[in-house]
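The values are calculated or read from the model by the stated rules, or taken from the named source; none is laboratory data. Bear in mind the structure is a predicted one, so any value in this text is a computation, not a measurement. Using ideal geometry, Cβ is built from the backbone for each residue, glycine included, and neighbour counts are taken over all protein chains shown. SASA here: full protein model, heavy atoms, side chains in, ligands and nucleic acids out. Shrake-Rupley method; radii C 1.70, N 1.55, O 1.52, S 1.80 Å.
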Amino acid sequence: MKAEFPKTYNSQEVEGRWYQWWESKGYFRADAKSDRPAFVMVMPPPNVTGSLHMGHMLNDTVQDVIARRKRMQGFNTLWLPGMDHAGIATQNVVERELRKEGLSRHDLGREKFVERVWQWKEQYGGIILKQIRRIGASCDWSRERFTFDAGLSRAVRDVFVRLYEEGLIYRGKRLINWCPRCHTALSDLETIYEPVDSKLYYIKYPLKGRENAFIEVATTRPETMLGDTAVAVNPNDDRYKKYRGESVILPLLNREIPFVEDDVVDPEFGTGVVKVTPAHDPADFEIGQRHNLSQISVIDEDAKITADGGPYQGLDRYQARKRILEDLEAQHLLARTESLKHNIGQCQRCHTVVEPLLSIQWFVRVTPLAEEAIAAVESGRTEFVPPNFANTYFQWMRNIRDWCISRQLWWGHRIPAWYCDDCGEMVISRTDVTRCAKCASSKVRQDPDVLDTWFSSALWPFSTLGWPDETDDLKAFYPTTLLVTAYEIIFFWVARMMMFGLKFMNDVPFKAVYITGIIRDAERQKMSKSKGNVVDPLDICDRFGTDAVRFALARMGAPGADIAWSEELIGSYRAFATKIWNAARFIFRYIDETDRLPSLVELKQSDLSLVDRWILSRLSRAIEDVNRSVEQYNLHEGARHIYSFFWHEFCDWYLEMIKLHPERSKPTLLFVFETALRLLHPFMPFITEELWQNLPHRGESIVIAPYPEFDPELVNDRAEAETDLIQQIVAKVRNIRAEMNVDAKQLVPVRVATSDPELTNLLSDAREYIFKLAQVSQMEIVPQLSGDKLAAQAVAGGLALEIPLAGLIDVEAERARLKKALERAELEIARVERTLSNPSFVDRAPKEVVEENRRRLAEYQDQAAKLAEGLKRLE
Ligand SMILES: [Zn+2]
Ligand SMILES: [Zn+2]
């Protein structure tokens, strides 16, 4: 039949055909009213500004393989997709656009700017969701969510108000990380620390009331001295005990500041005396709290010196540093300068050096929330895959600090706090406030700040299901089953979802967290735009086929393990897809319109040949292995088992062996191929649907066909052992043919030694396979081998066999060829051995070069042994 079926596998053509149809059929839609067991995942929402990178492709492949299998197994499967409004990232993108027009967000004003961001979102946002469809992700698009949706925004407000009412959200003046360029507070996680070359300046501070007496303090940031309110020493530092109770005069500003003693001061650092600037350094802030020191902010939100900086007011922080150093030098107060490498915090988004500033911000008191979240992982209610990532989680959770959640941005969920200009009252409210509850004034202003983007992401597993309303979805799908995410966002996201899920839903948000590795380049370097080693997943899918890329990612990515990128490997999985395509074409040759898929019962009742019983047994084992592996989230193992079954057993052996009796094996052939396609479908959804639709099948789509289940009745140890013996004999005969250079078309006689009547029967029954697959003309079964000098011998599955070579090859010419080749190999062995026995070479040459030589030596030795063996046969 299928004469019109394309000869060559064209992945782009096949992949363009199915997704829309699947979606339009509603196969990916979950049903909140279903009484089938639920399987639920929420997709980590990509940024609305994002486009697909290899990390997403890996993450989505893992989720899709798992979701498709569960759906086929009959679970009420929900994979909920969506996007994150990505506060600072999106605001930066739109600000860049404005800059091209010569505008800033301030030129537009807040309302117009936010409108503009929405416009941008409608026009350009969400490219990534189309790309996710392109790679086959079977998400329930009818439930797509956006963290800035009306519903999700209501959830955000509700959480804020509840936490505030319980005293778990507060407003306070704290030292926070400030980005002077983005003009916003940053959480500790949004600040990245990188080592930079810097200088340590030793400054002399005059001692009050003593002539020409100084102490030296060391600092990397001289400009902050304008805000010093003390100098501190370690209480156990004998050098400075004499100054207890005294004070120093702050140079340049001539302010008197006290000596204080504090345990955190390291006597080994610099001179053992440190300056204390509570308003601009986190450690100093703490010292200041303990000693009741005043906080003087000398650097403002633009990183410029404030009025408290006296003559330096208005200077940028780096200009101020320069001027201060010059002035100190002129007054002979700069003792010396040392070079130093130390970590400086930068804004994660724009890499501007972060300034620690005192600022009024909103915080979540997380310690009480963290306790339950720690306990939930300790008790196994949520497990990490692989389990060692739980340690990463514990470490952070046990040292957690209050979370600064306010951001000085315009794009995001605005803080639901209103201030009365008349009486100063602050109201926290779920609904917008227009009138002061205390004095009835209408002069109320909403807090200008917005919430950290991760605040809304932290609610994702339940806000997306309709919370705070008690929806059917919430009842049916919370807690979710599995979260698949990357290592880097365990703190940003996983930990916070755990805290908020337990707090507001009284249950963990997911039962397992699968951590994916990172895709690195072939040299195991991180992929980055600046290195130019980034791989575009859609380009790769166009070139190799999405199915091949998905299969490769599943095959290479063990949980938590990084993947070294290899186009060669992707190519080998495209070859796998082609192999399956060609297997289907082979099958099409034998079937016509009247053929239908046999049921398992029919098959079991029919008279099956040895190879049919064998392939059914192997298929059952493959099904068992794949199900066990994928159930334990070891997709790489599952992929390996399918590959090995399909390629090495079904294609390499079964399709060859049934060429003898295609008609007899047809029902088994159809049954096995159809089952194997279903087994493979979660990994390679497109090609499997294409082939399944063209072959006899039951049902509308492979997407909703049942996933194969292990059937112990099909396991047949005897058929496996017998077929294995035949295959070994064939393999050995093929080996001898190759080694002895027997012409490919030349048939050979074989003698097999056995006196076991059962084996004799088996070999007689199986002789046609051996004849066909190993080009054998006749097979003699003898009690013992002849000992014929001119015969090549081998052992296959415990049986001795031989091929008489007389008349098959030109013995003289073959002997000469082997001799010459052996001499060449021996020369090479001697040469490499000389090199390796030279101690100066072994010691000095690079390790890889020495290894390469050792490897070559072993190869030549192996070759020589085989050649000598061949020669012996011809003696
Ligand atoms: Zn920044
Ligand atoms: Zn009021």
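Things to note:
- Some residue of the range 398-417 being under 29 Å from the mean Cα position of the chain (by Cα) and without any contact (Cβ under 8 Å) to a residue 24 or more places away in the chain: yes
- Single match in Ile374, Ile344, Ile324 (criterion: closer than 30 Å to Glu488 by Cβ, of a type in the set (A, V, I, L, M, F, W, C) and touching an Asp or Glu at 6+ places or on another chain (Cβ under 8 Å)): Ile344
- Selection within the range 246-265 - open to solvent by 80 Å² or more (accessible area, probe 1.4 Å) and more than 15 Å from Pro278 (Cα to Cα): Asn254, Glu256, Asp263
- Residue in the range 289-304 that is farther than 30 Å from Leu186 by Cα and crowded, with 19+ Cβ neighbours inside 10 Å present: no
- Any hit, the range 815-838, residues being outside any helix (DSSP H, G or I), surrounded by 14 or more Cβ atoms within 10 Å (Cβ to Cβ) and not acidic (Asp, Glu): no
- Residue within the range 515-523 that is touching a Phe, Trp or Tyr at 6+ places or on another chain (Cβ under 6 Å), small (Gly, Ala, Ser) and in contact (Cβ under 8 Å) with a residue 12 or more places away in the chain present: yes
- Among the residues of the range 459-481, not a single one is more than 16 Å from ligand 1 (Cβ to nearest atom), within 23 Å of Ile88 (Cα to Cα), among the charged types (D, E, K, R) and touching a residue at least 40 places away in the same chain (Cβ under 8 Å).
- Looking only at the range 566-596, and only at residues there that are open to solvent by 40 Å² or more (accessible area, probe 1.4 Å) and assigned to a loop (DSSP other than H, G, I, E, B), the one that is nearest to Asn10 (Cα to Cα): Arg589
- The listed residue being more than 16 Å from ligand 2 (Cβ to nearest atom) and not aliphatic (A, V, I, L, M), out of Arg435, Arg414, Arg445: Arg414
- Filtering the range 427-444 for residues that are open to solvent by less than 10 Å² (accessible area, probe 1.4 Å) and out of contact with any helix residue (DSSP H, G or I) (no Cβ under 7 Å at 6 or more places or on another chain) leaves a non-empty set.
- When every residue of the range 185-201 is checked against the conditions, at least one turns out to be surrounded by 19 or more Cβ atoms within 10 Å (Cβ to Cβ), among the hydrophobic types (A, V, I, L, M, F, W, C) and within 23 Å of Pro448 (Cβ to Cβ).
- Among the residues of the range 767-807, those that are touching a residue at least 24 places away in the same chain (Cβ under 8 Å), assigned to a loop (DSSP other than H, G, I, E, B), of a type outside the set (A, V, I, L, M, F, W, C) and more than 21 Å from Lys866 (Cα to Cα) comprise Gln775, Pro783, Gln784, Ser786.
- Restricting attention to the range 202-217, the residues that are farther than 18 Å from Tyr318 by Cα and either open to solvent by less than 30 Å² (accessible area, probe 1.4 Å) or touching a helix residue (DSSP H, G or I) at 6+ places or on another chain (Cβ under 7 Å) (or both) add up to 5.
Listed here are the residues, each with its yes/no results for (1) within 23 Å of Lys341 (Cα to Cα); (2) in contact (Cβ under 8 Å) with a residue 60 or more places away in the chain.
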{"site": "Glu216", "(1), (2)": "yes, yes"}
{"site": "Tyr243", "(1), (2)": "no, no"}
{"site": "Val276", "(1), (2)": "yes, no"}
{"site": "Asp281", "(1), (2)": "yes, yes"}
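- In the range 6-21, the condition of being touching a strand residue (DSSP E or B) at 6+ places or on another chain (Cβ under 9 Å) and of a type in the set (Gly, Ala, Ser) is met by no residue.
- Out of Lys275, Lys241, sole residue that is modelled with pLDDT under 90 and either basic (Lys, Arg) or assigned to a strand (DSSP E or B) (or both): Lys241
- Qualifying residue in the range 200-214 (condition: polar (S, T, N, Q) and modelled with pLDDT of 90 or more): no
- Those residues of the range 1-47 which are of a type in the set (Gly, Ala, Ser) and either part of a loop (DSSP other than H, G, I, E, B) or touching a His at 6+ places or on another chain (Cβ under 9 Å) (or both), in sequence order: Ala3, Gly26, Ala30, Ala32, Ser34
- Residues in the range 307-320 that are surrounded by fewer than 17 Cβ atoms within 10 Å (Cβ to Cβ) and of a type in the set (A, V, I, L, M): Ala307 only.
- In the set (1) open to solvent by less than 40 Å² (accessible area, probe 1.4 Å); (2) in a strand (DSSP E or B), Asp284 fails one condition alone, (2).
- Where a residue in the range 538-551 is in contact (Cβ under 8 Å) with a residue 40 or more places away in the chain and its partner, wherever it lies, is outside any helix (DSSP H, G or I) and open to solvent by 20 Å² or more (accessible area, probe 1.4 Å), with Cβ under 9 Å and at least six apart: Leu538/Ser51; Gly545/Tyr9; Gly545/Asn10
- Here is the figure for the range 321-348: residues that are within 16 Å of ligand 1 (Cβ to nearest atom) and surrounded by fewer than 17 Cβ atoms within 10 Å (Cβ to Cβ) total 1.
- Residues in the range 177-207 that are within 14 Å of ligand 1 (Cβ to nearest atom), within 26 Å of Ala218 (Cα to Cα) and under 31 Å from the mean Cα position of the chain (by Cα): Asn177, Trp178, Cys179, Thr191, Ile192.
- Figure legend. Inter-residue proximity from the range 312-341: first residues in contact (Cβ under 8 Å) with a residue 60 or more places away in the chain and among the basic types (Lys, Arg), second residues in a strand (DSSP E or B) and loosely packed, with under 11 Cβ neighbours inside 10 Å, beta-carbon distance below 7 Å, spacing 6+ or different chains. Indicated pairs: Lys341/Pro195; Lys341/Asp197.
- Scanning the range 388-415 for residues that are outside any loop (DSSP other than H, G, I, E, B) and open to solvent by less than 20 Å² (accessible area, probe 1.4 Å) yields Ala390, Tyr393, Met397, Trp403, Cys404, Ser406, Arg407.
- Across the range 89-106, the number of residues qualifying as open to solvent by less than 40 Å² (accessible area, probe 1.4 Å) and outside any helix (DSSP H, G or I) comes to 0.
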